[in-house]
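Novice: Take a look at the following structure, please.
The values are calculated or read from the model by the stated rules, or taken from the named source; none is laboratory data. Note that the coordinates shown come from a computational prediction; the quantities given were computed from them, not determined experimentally. Methodologically, a virtual Cβ is constructed for each residue, glycine included, from the backbone with ideal geometry; neighbour enumeration extends over all protein chains shown.
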Amino acid sequence: MDRQLRIWRVVPTSKTGNKAPYFFVETTEKNQEKALITCEKIAKEQCSLFKYEDYWRPNIIRMSVRKDEFGRYWKYHQ
């Protein structure tokens with residue numbers, strides 16, 4: 001299997017530090033660098049604020065969560 005589910009949290013951040021509501025992006029690339037590039041591409045398609053590239057930029061954070069059968073995100077714990 002050459003896929004790995006990665007869940008990213010994308011926070012649109014302005015040049016002055018203001019933050020818009022965050023959203024999640026899922027990627028299935030095996031390589032993490034390629035998954036980050038794919039995540040940036042998907043985030044720019046989903047959020048219209050990124051059309052203003054000189055003012056808004058994506059702040060992307062990789063999350064340590066898993067996805068259950070209902071589509072909810074849960075933190076790993078033991």
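Novice: Taking the stated definitions as given, is Arg66 outside any loop (DSSP other than H, G, I, E, B), at pLDDT below 90 and either loosely packed, with under 14 Cβ neighbours inside 10 Å or over 9 Å from the mean Cα position of the chain (by Cα) (or both)?
Specialist: Yes, satisfied.
Novice: When you go through (1) out of contact with any Ser or Thr (no Cβ under 9 Å at 6 or more places or on another chain); (2) exposed (fewer than 12 other Cβ atoms within 10 Å of the Cβ); (3) on the phi < 0 side of the Ramachandran plot one by one for Tyr73, which number turns out not to apply?
Specialist: Of the numbered conditions (1) out of contact with any Ser or Thr (no Cβ under 9 Å at 6 or more places or on another chain); (2) exposed (fewer than 12 other Cβ atoms within 10 Å of the Cβ); (3) on the phi < 0 side of the Ramachandran plot, the odd one out for Tyr73 is (2).
Novice: When only residues in the range 23-54 that are assigned to a loop (DSSP other than H, G, I, E, B) and exposed (fewer than 13 other Cβ atoms within 10 Å of the Cβ) count, which is modelled with the lowest pLDDT?
Specialist: Glu53
Novice: Let me ask you something else. Just one of (1) surrounded by 10 or more Cβ atoms within 10 Å (Cβ to Cβ); (2) over 10 Å from the mean Cα position of the chain (by Cα) trips up Pro58, so point out which.
Specialist: (2)
Novice: Suppose we keep only residues that are in contact with an Asp or Glu (Cβ under 9 Å, 6 or more places away or on another chain) and among the aliphatic types (A, V, I, L, M) within the range 26-78. Which one would you say is nearest to Arg9 (Cα to Cα)?
Specialist: Among those residues, the one meeting the criterion is Ile60.
Novice: From the residues in the range 34-78 that are among the β-branched types (Val, Ile, Thr) and either in contact (Cβ under 8 Å) with a residue 24 or more places away in the chain or touching a His at 6+ places or on another chain (Cβ under 7 Å) (or both), which one is farthest from Gly17 (Cα to Cα)?
Specialist: The selected residue is Val65.
Novice: Still on this structure, I have one more. Looking at Glu29, Glu69, which one is of a type in the set (Asp, Glu) and touching a helix residue (DSSP H, G or I) at 6+ places or on another chain (Cβ under 9 Å)?
Specialist: Glu29
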